[in-house]
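J.: This is the structure, below, for whatever I ask next.
Every number in this text was worked out from the coordinates using simple rules, so none of it is lab data. All values reported here derive from a predicted model rather than from experimental measurement. Backbone-built Cβ (ideal geometry, glycine too); neighbour counts: all protein chains shown.
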Amino acid sequence: MIIEKAVIPVAGLGTRLLPASKSQPKEMLPVGRKPVVQYVVEELAHQGLRDVLFITGWKKRAIEDHFDESPELVQRLTGKSQWELLDALDPKASHLHFFYARQKHPRGLGDAILYAEHFVAESPFVVALGDAIIQYRNYSDLLRRLMGVHLKHNASATIAVEEVPDEELGLYGVVKPKEGADPDAESFEIEDVVEKPSVEDAPSHYAISARYVFSPIIFRALRQTGQTEGEVGLSHAIRQLIRMGAPVRCVKLKPEETRYDIGNFETYFKTFIHFAIHDKECGPAIREFIREEMGLDV
Ligand code: UTP
């Protein structure tokens, strides 16, 4: 069996990035030369996915436009022989098919994923958050590893996790490895997920990291989970899967793989700076500019 379907939820309100995200999707904020969500789509294309469903919502139409054909632009650039720009316009994802479903109300990530039920039908599927880039040099094979483990172990969910320091535990869902499980193995089974724990309550330092593979049983778990404070939490549904006796496994990001999250201004600025200083053309000038701004010797 191969996994060909992926879901990118992009329907959140992005309140932590207001006012930048008031009238444009946070997933369209530029990082280096591309909007964040284009990195996510290119990662999916690279890892062999074929059908991509965006869960969109209020003020998210720019994402549909971005992945649509743009004949006028192509004609203009072709006329001026601007081949490099033409190449950059094609999100290296031309073999992908894009689909869209609209989340009626932004009732949490879990609720967003419920909208994918008809699309995925009976097959396991990838979920990639539209506001997080996973990078290893050009492309990480994290998704391929997740899909491989998912099928090999017949898991109900396979989750990417990243080892984070104490001060970041409270930002994420943190997993509890099953007794005797080896987190350094290719994958390991978990027995619980604690959402945004304090350092004392954290069951490990492995934080859920923006990429998942689910089997369709997740929809049953999501429905059984219900809402907490008006939202359906994905971590709660994963907990529910475990309660149902359905195996949930994790795959650790490699030390050289990095997650760049743009959910708040601090992480967005850091991400932007990282990509700007590594830009092939402008990188050296940006590095020099930063040194000058910081009063460091050039
Ligand atoms: P976040 O929780 O980071 O996004 O969800 P948010 O709710 O937009 O952010 P804040 O807290 O208000 O600042 C991670 C991903 O899940 C999507 C978001 O668009 C984001 O890409 N999401 C979140 C949905 O699709 N629907 C939702 O109801 C919530």
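J.: Mean residue ellipticity at 222 nm from the helices of the chain, using -39,500 (n - 2.57) per DSSP H segment of n ≥ 4 over the full residue count, to the nearest 500 deg cm²/dmol?
T.: The helix-only estimate for the chain comes to -9000 deg cm²/dmol at 222 nm.
J.: Spin-label point model (7 Å from Cα, Cβ direction): what's the D184 to E288 distance in nm?
T.: The modelled label-to-label distance comes out at 4.5 nm.
J.: Based on the mean of other Cβ atoms within 10 Å per residue, sort peptides 252-261, 283-292, 29-38 so the most packed one is first.
T.: Numbers: 252-261: 16.6, 283-292: 13.2, 29-38: 20.2.
Going from most to least packed, we get 29-38, 252-261, 283-292.
J.: So, one more: Report, largest value first, the span of the C-alpha coordinates of region 181-298 along each principal axis, in whole Å.
T.: On the principal axes, region 181-298 reaches 59, 37, 32 Å in Cα extent.
J.: Taking the 0 to 90 degree range and rounding to the nearest ten, how far is the long axis of helix 283-293 tilted relative to the main principal axis of the chain, both from C-alpha atoms?
T.: Helix 283-293 and the main axis of the chain meet at about 90 degrees.
J.: Sticking with this structure for a sec: Cα axis of helix 234-243 to longest principal axis of the chain: angle in degrees, 0 to 90, nearest 10?
T.: Taking the Cα atoms of the chain, the angle to 234-243 is about 30 degrees.
J.: List the relative contact order of region 165-298 as a percent without decimals, with contacts defined as Cα pairs under 8 Å and 6+ residues apart. Numbers along the way, then the final one.
T.: On the way: 154 pairs, mean separation 26.5, N = 134.
Once divided by the residue count of region 165-298, the mean separation gives 20 percent.
J.: Taking the alpha-carbon centroid of each part, what is the distance from region 167-211 to region 52-121 in angstrom?
T.: First find each Cα centre; the distance between them is then 32 Å.
J.: Okay, next question. Expressed as an acute angle from 0 to 90° and rounded to the nearest 10, what is the orientation of the C-alpha long axis of helix 36-46 relative to the principal long axis of the chain?
T.: Approximately 70 degrees, to the nearest 10.
J.: Give a quick list of chymotrypsin sites (Phe, Trp or Tyr not before Pro) in region 49-130 that DSSP marks as loop, anything other than H, G, I, E or B, with at most 14 other Cβ atoms within 10 Å. It would help to have the intermediate numbers written out before the result.
T.: Working: sites: F54, W58, F67, W83, F98, F99, Y100, Y115, F119, F125; in loops: W58, F67, Y115.
Those satisfying the criteria are W58.
J.: Still on this model: Defining a contact as two alpha carbons under 8 Å apart and six or more residues distant in sequence, what relative contact order in percent does region 2-143 show?
T.: Numbers: 196 pairs, mean separation 59.8, N = 142.
Computed over region 2-143, the figure is 42 percent.
J.: Using every alpha carbon pair in the chain, what percent of pairs falls into each 5 Å bin from 0 up to the bin containing the largest distance?
T.: With 5 Å bins starting at 0, P(r) equals 1, 5, 11, 15, 18, 17, 14, 8, 5, 3, 2, 0, 0.
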